Amino acid sequence: MSWKIARATLARAVLAGGALLVVSACKDKSPTGPSTGNLQVIATSSGQDIDADGYTVAVDNGSAQSIGASDTIAIKDLPTGSHTVVLAGVASNCSVDASSKDVTIEAGATASVTFTVTCTAAAGSGSIHVTTTSSGAHVDPNGYTITVDGGQPKTIGASDTTTVAGVTAGSHTVALSGLASNCTVTQGSTTVNVTADTPATVTFDVTCGVRTLAFESDALGNSDIYSIKEDGTGLAQLTNDTSFEGFATFAPDGSKIAFTRFTNGNLDIWVMDANGGNAKQLTNDPAEDGVTTWSPDGTKIAFASTRGGDAQIWVMNADGSNPTQLTHMTDPGTTNDTTALATKPAWSPDGTTIAFQSRQSGNYHIWVIGADGQNLKELSQGTDDESPDWSPDGKTIVFQSKQSSGHYELFTMNADGASPTALTSGSSYDNEGPRFSTDGKTIAFYSDRPGGADATFQVYTMDLATKAVTQVNTDTAEEGRPSWRP
């Protein structure tokens, strides 16, 4: 079965223009308002020997959560009404303006509470100077995290120096973590001796190589998920089922892959380890679920589902619990893709917004909605604008759009929908499914270039600076929908 045929027939629902399609009756799509609200907790610390381990926050004597010395955390889905927020774990040389504060939560809104901590020099304490040096073609742009004795993580750049102050005299273990999957460190942890007089020093040397992609291929006759290095080496088959498996998306830490599987006559969402092991089914609903995106913190998954009678965007916890409908797009009354109202979600890097494609205006356009279900907005006005993805800095969205030639081209636009710019144009073939690399310098996509009846879809990368295009895997199989491993 060719990729073009498969897109129209395989698994009934997944592949027509990248949209989720089903045949089912429309049901009540009336929106329901939120019954909970969110809380933003801010800690600011100043002075000398600031507590390196940070603090803990608890709401109404509930479970404590870690917060950095100068940090902001979000606590979601709190019941409406008055709550008491407590900051604890403050070092003896530090004082807080008020360790307990009351806050009122309103439905669908985000309240904020700030704790101000002032620290003085701690007797007998010292410090650790930590330096990172990173080399290679694809250095992790997000940097890393360091911990002292497994305490509160602190961010550090890829090639950077930071100081951890307020460390008691004696032996301590410093560890580096948060490396991208293409990076390795010569020694991930080391032990140093801290004195009050002389700062201890630690250096971590990191080397970053070629990156990894997951993609779909029908090399064995069915659509399975594979991984491969961007230079074409290291091809590995991750799934091997007799049905459709695709739409692979890596978790933010690169350890797991969420994917869509057509099994037992239905589409559902599964998750597996990055090497293909420990596959687990997350959804088991009579409706069709698939086409996923992870929240930046890895705690939630947004997906397309027909549970309301037509395809809308839903959100659930990363373990499959608490599925909640996010969008309530309306049917424009056209005959094409009549049930695919909203699909292909993409979570913004800051976690506040989800982009998706919807045909509420007749043609598919790119829309955005707040992760809380508020602030719905239409961004694009092209012809069949589909498959959005965010740049790592959240400033740009890449997508595919069908031009007058009848073929999909690749575009970028600002996050507010302004300044759409073509990356490809005048093609006699389709360019689809663009995805930003973690450094924002490369996109992966799939295309049936050079076109023609015998052309097959293959995975490619594009250097955004030069627009140079490279085929990842030289194969005769149909391949598509690449996803970068963080």
So Gly150 passes all but one of these: (1) surrounded by 16 or more Cβ atoms within 10 Å (Cβ to Cβ); (2) at positive phi. Which condition number does it fail? (1)
Within the set of pairs 6+ apart or on separate chains, which have a first residue in the range 457-471 that is modelled with pLDDT of 95 or more, a second that is part of a loop (DSSP other than H, G, I, E, B) and among the aliphatic types (A, V, I, L, M), and C-beta atoms under 6 Å apart? Val459/Val472
Are any of the residues in the range 177-190 under 24 Å from Ile67 (Cα atoms) and surrounded by 19 or more Cβ atoms within 10 Å (Cβ to Cβ)? yes
Unmet criterion (only one of (1) of a type outside the set (A, V, I, L, M); (2) more than 22 Å from the chain's Cα centre (by Cα); (3) modelled with pLDDT of 95 or more) for Gly382: (3)
With the requirement that a residue be touching an Asp or Glu at 6+ places or on another chain (Cβ under 8 Å) and without any contact (Cβ under 8 Å) to a residue 40 or more places away in the chain, what does the range 238-269 give you? Leu238, Asn240, Asp241, Glu245, Ser255, Lys256, Phe259, Arg261, Thr263, Asn266, Asp268
Restricting attention to the range 168-212, and to residues there that are outside any strand (DSSP E or B) and among the charged types (D, E, K, R), which single residue is modelled with the highest pLDDT? Arg211
Is it the case that Asn278 is among the polar types (S, T, N, Q), out of contact with any helix residue (DSSP H, G or I) (no Cβ under 8 Å at 6 or more places or on another chain) and free of Cβ contacts under 8 Å to residues at least 12 places away in the same chain? yes
Report every pair of residues separated by at least 6 positions or lying on different chains whose Cβ atoms are under 7 Å apart, first residue within the range 118-135 and over 21 Å from Thr203 (Cα atoms) and modelled with pLDDT of 85 or more, second in a loop (DSSP other than H, G, I, E, B) and charged (D, E, K, R). Cys119/Asp49; Cys119/Asp51
The one condition Ala455 fails out of (1) among the hydrophobic types (A, V, I, L, M, F, W, C); (2) under 16 Å from Gln471 (Cβ atoms); (3) surrounded by 23 or more Cβ atoms within 10 Å (Cβ to Cβ) is (3)
Could you go through the range 310-323 and let me know if any residue there is assigned by TED's automatic domain parsing to the domain that holds Thr352, among the charged types (D, E, K, R), part of a loop (DSSP other than H, G, I, E, B) and under 27 Å from Thr438 (Cβ atoms). yes
Among strands (runs of 3 or more DSSP E) entirely inside the range 51-162, those with 1 or more residues being within 27 Å of the chain's Cα centre (by Cα) are 55-59, 65-67, 71-79, 110-119, 125-136, 144-148, 154-156
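The values are calculated or read from the model by the stated rules, or taken from the named source; none is laboratory data. Just so it is clear, the structure is predicted and the values come from calculations on it, not from any experiment. Virtual Cβ from ideal backbone geometry, glycine too; neighbours counted across all protein chains shown.
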